[in-house]
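Visitor: The structure follows.
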Amino acid sequence: MDIYDITIIGAGPVGMFAAFYAGMRQAKTKIIDSLPQLGGQLATLYPEKYIYDIPGYPAIKANELVGNLEKQLTTFNHTFHLEEEVLSITREEDVIEIITNKGIHYSKAVILALGNGSFQPRKLAIEGADEFENNGLDYYVNDLMKYAGKKVAIAGGGDSAIDWALMLEPIASEVYLIHRRSEFRGHEHSVAQLKNSSVHLLTPYLIEDLAGETTQLTDLRLKKVKSDETIDLSIDSLIVNYGFTSNLGQIASWGLESSRQAIMVNSDMSTSIPGIYAAGDICSYEGKVKLIATGFGEAPTAVNNALHYINPRERAQPGHSTSLYDKRLRPER
């Protein structure tokens, strides 16, 4: 049985920073997340949006922040389990058992960094659409270059759909943005950029049917809203961005004290179950302010106290980062 010191559930910005800090404390660390990529909500929903509440950055794009956190993480050889959903967490004597949809994990302590809960895409409600998933139909964009030189259609009218359209414009041969309303719901600046771009805007249209060769998507049929007019569109890829549903999933059955869709924690980020800690938007306490910057502060608190819980001889106050960081790992000036 392979037992880790700390298992972090949630690979958003707070979970990523917690994992980095756990590495600084030389903890054997594992990260589990239900999404196929690091970065959580920022990477999935708002990659091109600027964030203004990160210390030291007057403004930074979400995907740049995630990239920096990922680079920081590569300092340590942590274990990642992506596209894996946690179903239950149970304390078994001195070990915490974590059961997922893919297996069982064991850890001395757990840090929950789940943000607002697990994200699942709102899927295309068309018969047979599931046959084309990952064969021309995508709900996530993990690699922009996958679409290089291709005809790409994007379905959606919010910020994320507009972001993907603008990001793919210089990469794909053609980009189509399909929206069921005449106006888009994104930020004014993004919408202005969109209207001045080469992206083909197809509004107000809905996707009525999909077609392809075997299981590879090749064609769309679009139907104009409140009309019998249709358009047939040949494409290489379709990205559906109808948003994501967020919920706390199985957490309610884990026995943790919670309130208003959040887990209650003490000042040391400990939950009502010994050995389980929480940081970021998933946790709540009196005076809590939900900001990424707040979560970044809670992460080291959770890590240090989790390690003190595992081994009471470990100090909860470990000293400055310069004393923790191995000289071999320090970046060159």
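The values are calculated or read from the model by the stated rules, or taken from the named source; none is laboratory data. Keep in mind that what you see is a predicted model, and the values were worked out from it rather than measured. For neighbour counting, all protein chains shown are included, and Cβ atoms are generated from backbone atoms with ideal geometry for every residue, glycine included. Side chains included, ligands, DNA and RNA excluded: accessible areas come from the protein's heavy atoms. Shrake-Rupley method; radii C 1.70, N 1.55, O 1.52, S 1.80 Å.
Visitor: Tell me, what % of the accessible area of the stretch 140-180 is carbon and sulfur with a 1.4 angstrom probe? If you can, show how the numbers build up before the last one.
Guide: Working: 700 of 1410 Å².
It is 50 percent, rounded to a whole number.
Visitor: Residues with amide H under 5 Å of Ile111's amide H, sequence separation 5 or more or different chain, H placed in the peptide plane at 1.01 Å from N; which?
Guide: Thr7, Ile8, Ile9, Tyr277
Visitor: Compute the projected area of the convex hull of the Cα atoms of the chain, averaged over all viewing directions, and report it in nm² to one decimal place. Kindly include the intermediate steps, with their values, before the conclusion.
Guide: Details: hull surface 80.2 nm².
Reported value for the Cα convex hull: 20.1 nm².
Visitor: Under a Cβ-only charge scheme (Lys and Arg +1, Asp and Glu -1), can you give me the dipole magnitude of the stretch 34-112 about the Cα centre, in debye to the nearest 20? Walk me through the numbers on the way to the answer.
Guide: Working: 6 positive and 11 negative charges, 54 e Å.
About 260 debye.
Visitor: I would also like to ask the following. Provide the FRET efficiency to the nearest 0.05 for the Ile99-Leu144 pair, computing r from the beta carbons and using R0 = 35 Å.
Guide: FRET efficiency, Ile99 to Leu144: 0.50.
Visitor: While we're on this one: List every residue whose amide H lies under 5 Å from the amide H of His78, counting only residues 5 or more places away in sequence or on a different chain, with H placed 1.01 Å from N in the peptide plane.
Guide: Close amide H contacts, sequence-distant or interchain: none at all.
Visitor: How large is Rg over Rh for the stretch 1-91, taking Rg from the Cα atoms and Rh as the Kirkwood inverse mean of 1/r across Cα pairs?
Guide: Numbers: Rg = 13.8 Å, Rh = 13.8 Å.
The Rg/Rh ratio comes out at 1.00.
Visitor: Given only helices, namely DSSP H runs of n ≥ 4 each adding -39500 (n - 2.57), what is the per-residue ellipticity at 222 nm of the chain, to the nearest 500 deg cm²/dmol?
Guide: Counting only the DSSP helices, I get -6500 deg cm²/dmol.
Visitor: Okay, next question. Taking a threshold of 32 Å on the Cα-Cα distance, which of the pairs Lys102/Lys195; Lys195/Lys223; Lys123/Lys195; Lys49/Lys150; Lys71/Lys288 fall above it?
Guide: Values: Lys102/Lys195 44 Å; Lys195/Lys223 22 Å; Lys123/Lys195 26 Å; Lys49/Lys150 25 Å; Lys71/Lys288 29 Å.
Going by Cα-Cα distance, Lys102/Lys195 fall outside the 32 Å limit.
Visitor: Now, a different point. Ranked by accessible surface with a 1.4 Å probe, highest first, in what order do Tyr50, Tyr285 come? Provide the component values of the computation, followed by the final result.
Guide: Details: Tyr50 125, Tyr285 65 Å².
Result, largest first: Tyr50, Tyr285.
Visitor: Over the stretch 1-85, with the other protein chains present, what is the accessible area per residue in square angstrom, probe 1.4 angstrom? Please list the in-between numbers first.
Guide: Details: 3490 Å² over 85 residues.
Accessible area per residue: 41 Å².
Visitor: Out of Lys123, Lys61, Lys146, any idea which swings most in a Gaussian network model of the chain, alpha carbons joined below 10 Å?
Guide: Lys146
Visitor: Of all accessible surface on the stretch 216-323 at a 1.4 Å probe, what whole percent is carbon and sulfur?
Guide: Of all accessible area on the stretch 216-323, carbon and sulfur atoms account for 47 percent.
Visitor: Now, a different point. Which value, in Å², gives the accessible area per residue of the stretch 196-255 when a 1.4 Å probe is used on the protein heavy atoms?
Guide: On a per-residue basis, the stretch 196-255 sits at 54 Å².
Visitor: Compute, for Ile292, the solvent-accessible surface of its heavy atoms (probe 1.4 Å) with the complete set of protein chains present, and express it in square angstrom to the nearest 10.
Guide: Counting only protein heavy atoms, Ile292 exposes about 40 Å² to solvent.
Visitor: Run through all the Cα pairs of the stretch 138-261 and give the fraction in each 5 Å bin from 0, expressed as whole percent.
Guide: 2, 10, 19, 19, 18, 10, 7, 6, 5, 3, 1
Visitor: Just report the Cα centroid separation between the stretch 209-245 and the stretch 1-23, whole Å.
Guide: What the calculation gives is 40 Å, centre to centre.
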